[in-house]
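Read through the structure below, which is laid out as structure tokens, and then see the notes.
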Amino acid sequence: MIEVQSLKKSFKKKVAVENMNFYLEDGESVGLLGPNGAGKSTAISMISTLMPPTQGSITYNGKDALTKPDELRKDLGVVPQEIALYEELSAYENMKFFGKVYGLSGKLLEDRIQEILKLVGLTERQKEAVETYSGGMKRRINLAVALMHKPKTLVMDEPTVGIDPQSRNYILDMVRNLNREEGLTVLYTSHYMEEVEKLCDRVYIMDEGRVIASGTKEELKSILSNEETVTIQVEEAKEAFADLLSSQQSITQVMKNDQGYSLITSRGEQLLEEIFDYAKQTQVKILSIHVQTPTLEDVFLHLTGRKLRD
Ligand SMILES: Nc1ncnc2c1ncn2[C@@H]1O[C@H](COP(=O)(O)OP(=O)(O)OP(=O)(O)O)[C@@H](O)[C@H]1O
């Protein structure tokens, strides 16, 4: 387990990370979610012992990882935000180079290269120079390199920025499988709410250098348990129907739109029967009804008043 307490990083006057408390248990998949500049890269650089903190402590399996980082480093595979590959070399040559850096050689090295190439779906293109690859393929090789030494924990810094949706899904599915099937521990940073929702069990929401909320996805969403949205599409809107909806105590807001109504409520699905009843009473024909539970994006908006992305 990696444990971090009161972590801080200042660059001259700029405080990039402040008072961060964090843990990562074996086998977990944890996300750092926050907008650009929130401090995610700085935080994971410190947690990976690649950057010394200004203050705070980091332990790995109970031992101080700042003074003795070797054990933690050996168990980590780090995928940086920037592509860190030799562009003129092929995927195979890059992997061979990095495999050797990690101390692999001979048949073990060859087998590992082919195993990982298969995993990232680039067996066919392995002899071609990286510079001829698409952005998504480069990202996959960047990830492959970090997996060469069979790390216990994979740390990824926004590994899907600027790539096509197909490669993005490939990477997400692959990492999710490695976590669920192989027990790989995952620390993932992103400003894409959907990615963190899909991949991570537990989430730290960061903003302006601070963790502003943390917990399982369900715990975070329960912050907004009173804010489910119900969208009702009707054939013809009627004031009497809206009045009945507004009179319902658990509905905090009724908004009219082109197609019908949106309601903010604490009861979501449990309310459906009553909504149909009101429609019947006022002879309103409901064409569709949709209950939307909060997303992590909604949680961020609620906590900061801003969206994750502009
Ligand atoms: N070496 C540095 N010197 C000065 N300021 C820095 C340095 N590295 C990061 N910062 C600042 O610290 C803050 C946090 O940056 P960081 O890169 O950790 O954020 P991030 O959440 O990872 O965002 P991004 O996705 O844009 O990388 C930013 O305001 C950034 O400008």
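The values are calculated or read from the model by the stated rules, or taken from the named source; none is laboratory data. Predicted, not measured: the structure shown is a model, and the values here were computed from it. Neighbour counts run over all protein chains shown; Cβ positions are idealised from the backbone, glycine included.
Points worth noting:
- All positions within segment 120-142 that are in contact with a Leu (Cβ under 8 Å, 6 or more places away or on another chain) and either in a loop (DSSP other than H, G, I, E, B) or surrounded by 17 or more Cβ atoms within 10 Å (Cβ to Cβ) (or both): 120, 123, 126, 130, 137, 138, 140, 141, 142
- Qualifying residue in segment 83-101 (condition: within 22 Å of the chain's Cα centre (by Cα) and either more than 16 Å from residue 142 (Cβ to Cβ) or of a type outside the set (D, E, K, R) (or both)): yes
- Output for segment 13-36, where each listed residue is near the ligand (Cβ under 7 Å from one of its atoms) and without any contact (Cβ under 8 Å) to a residue 24 or more places away in the chain: 14
- Pairs linking a residue in segment 142-165 that is over 17 Å from residue 34 (Cα atoms) and of a type in the set (Ser, Thr, Tyr) to a residue that is in a helix (DSSP H, G or I) and more than 16 Å from the ligand (Cβ to nearest atom), with Cβ atoms under 6 Å and 6 or more positions apart or on different chains, are 153/75.
- In segment 53-71, the count of residues that are closer than 22 Å to residue 175 by Cα and either outside the structural domain of residue 109 (by TED's automatic domain parsing) or modelled with pLDDT of 95 or more (or both) is zero.
- Residue count for segment 135-156, restricted to those that are small (Gly, Ala, Ser) and touching a helix residue (DSSP H, G or I) at 6+ places or on another chain (Cβ under 7 Å): 2.
- Segment 105-131: number of residues that are without any contact (Cβ under 8 Å) to a residue 12 or more places away in the chain and within 29 Å of the chain's Cα centre (by Cα): 4
- Within segment 153-166, considering residues that are more than 16 Å from the ligand (Cβ to nearest atom) and crowded, with 19+ Cβ neighbours inside 10 Å, the one farthest from residue 198 (Cα to Cα): 153
- Annotation note: of 91, 65, 43, the sole residue that is within 16 Å of the ligand (Cβ to nearest atom), under 26 Å from residue 190 (Cβ atoms), among the small types (Gly, Ala, Ser) and surrounded by 17 or more Cβ atoms within 10 Å (Cβ to Cβ) is 43.
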